[in-house]
Amino acid sequence: MIVESTNYYAKNGKANAVLAQRQRASQVRVALGLPPGKIFVRLDGDGPDVRWECEFATSDAYDNDRAVRKQSPEFAAVRDGMHELLLRFERHVEQLL
């Protein structure tokens, strides 16, 4: 299993806008036939304001997901809007053993 997670560190005062933008991204994913993934918000401690995570059964499934996103103008627009709200962005791709 492949797990992609993304961490969003909002500019000052933009945490709610980051959450809303991540929710829009998940809606676009569903419209593209992709799983929405899971959205997490920080309640306490250090770390990202918003985190998104999605699991893929195989590497091929993950590669397909990436290809669909790359080809989508709608997803690109959401991604570009997100970057305007962020101080920092991280993507992690891991394999569950």
Practice problem: Between S59 and R24, take the C-beta separation as r, use R0 = 25 Å, and let me know the FRET efficiency to the nearest 0.05. | Solution: 0.35
Exercise. Report the equivalent ellipsoid semi-axes for the chain in whole Å, largest first, defined as the square roots of five times the eigenvalues of the gyration tensor built from alpha carbon atoms.
Key: 22, 17, 10
Quiz item: Taking the Cα atoms only, what angle lies between the long axis of helix 59-71 and the longest principal axis of the chain, rounded to 10 degrees?
Solution: 60 degrees
Quiz item: Counting Lys +1, Arg +1, Asp -1, Glu -1, what net charge surrounds F40 among other residues with beta carbon under 9 Å of its beta carbon?
Solution: +2
Practice problem: Restrict the search to the chain; then list the trypsin sites (Lys or Arg not before Pro) that DSSP places in a loop and that have at most 16 other Cβ atoms within 10 Å of their Cβ. | Solution: K11, R42
Exercise. Let me know the shape class of the range 1-54, please: from the alpha-carbon gyration tensor, a ≥ b ≥ c as square roots of the eigenvalues, rounded when a/c is under 1.5, otherwise prolate if a/b is greater than b/c, or oblate.
Key: oblate
Quiz item: Which of the GluC sites (Glu not before Pro) found in the chain are in a DSSP loop and have at most 13 neighbouring Cβ atoms, other than their own, within 10 Å?
Solution: E84
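Read the figures in this text as sums done on the coordinates, not as results from a lab. Quantities reported herein were computed from a predicted structural model and do not represent experimental measurements. Glycine gets a Cβ as well: all are built from the backbone with ideal geometry, and neighbour counts include every protein chain shown.
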